[in-house]
1. Cut-off 10 angstrom, C-alpha nodes, Gaussian network model of the chain. Which of F126, F134, F82 fluctuates the most?
2. Counting helices only, and only those DSSP H runs with n ≥ 4, report the 222 nm mean residue ellipticity of the chain as the sum of -39,500 (n - 2.57) divided by its residues, in deg cm²/dmol to the nearest 500.
3. In Å², what does the accessible area per residue of the chain work out to with a 1.4 Å probe?
4. Could I have the simple spin-label model distance between T11 and V99, label points 7 Å from Cα toward Cβ, reported in nm to one decimal?
5. Binning every alpha carbon pair distance of the stretch 1-81 at 5 Å from zero, what are the percents per bin?
6. Tell me, in nm to one decimal, what length is gained between T123 and Q65 on full extension, where the rule is 0.36 nm per residue of separation less the Cα-Cα distance?
7. Explain nothing, just the number: relative contact order of the chain, from Cα pairs under 8 Å at least 6 residues apart, as a whole percent.
8. State, to one decimal in nm², a quarter of the convex hull surface area for the C-alpha atoms of the chain, i.e. the direction-averaged projected area.
Amino acid sequence: RSRYGVNYPETWTVEPEQKAASGYDYIDVYTLPNSSSLVSIEQAQAACALSDVNIIQGEVAAAQQQNITFTESTSASRTQTFGGEQWQRREYDVTDKGVTLHMVILACHHQGRAYVIVLVSRTTSFTQDDTGIFEPMLKSFAFTN
């Protein structure tokens with residue numbers, strides 16, 4: 001329904017969600033059980049009119065309303081290419097309920113649809129998760145018709 005395919009580790013689970021919104025808002029959340037690591041892939045009609053950077057800013061603003069704090073890592077890469085598209089990329093150190101996490105938010109438009117991918121892991125294990133899980137998932141990401 002979200003017009004993409006991705007490979008993910010066998011030990012991970014995926015939960016599809018659909019938010020109550022005007023138009024479609026599909027979210028697939030890939031998680032490692034008993035872990036704070038996750039990958040969220042969202043396709044939202046409401047984001048179609050926004051720029052990729054504004055989509056990322058909207059994701060951050062929505063989370064900040066839930067008392068999650070964000071500190072942007074400005075030295076990180078600002079774009080990344082996969083799935084045949086160039087994605088805007090922003091990285092943050094995030095504190096949620098006393099837990100410190102590292103988060104990457106990616107956004108792009110493909111065939112008139114807006115996509116957001118969020119990568120989350122504990123700050124202490126993010127580099128390992130990025131190399132072993134997140135980047136292989138992103139490399140396998142492909143848009144479908």
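The values are calculated or read from the model by the stated rules, or taken from the named source; none is laboratory data. Remember, it's a predicted structure, so these values are computed and weren't measured experimentally. All Cβ positions, glycine included, derive from the backbone under ideal geometry; neighbour counts span all protein chains shown. These accessible areas exclude ligands, DNA and RNA; they are computed on the full protein's heavy atoms, side chains included. Shrake-Rupley method; radii C 1.70, N 1.55, O 1.52, S 1.80 Å.
1. The residue with the greatest mean-square fluctuation here is F82.
2. After summing the helix terms and dividing by residue count, I get -4000 deg cm²/dmol.
3. Details: 7730 Å² over 145 residues.
Using a 1.4 Å probe on heavy atoms only, each residue of the chain averages 53 Å².
4. Going by the 7 Å Cα→Cβ label model, 1.7 nm.
5. P(r) over the stretch 1-81, rounded to whole percents: 3, 11, 17, 22, 24, 17, 6, 0.
6. Values: separation 58, 0.36 × 58 = 20.88 nm, distance 2.17 nm.
Taking T123 through Q65 to full extension adds about 18.7 nm, to one decimal.
7. Values: 275 pairs, mean separation 38.3, N = 145.
Normalised by residue count, the contact order of the chain is 26 percent.
8. Working: hull surface 34.1 nm².
Projected over every direction and averaged, the Cα hull of the chain covers 8.5 nm².
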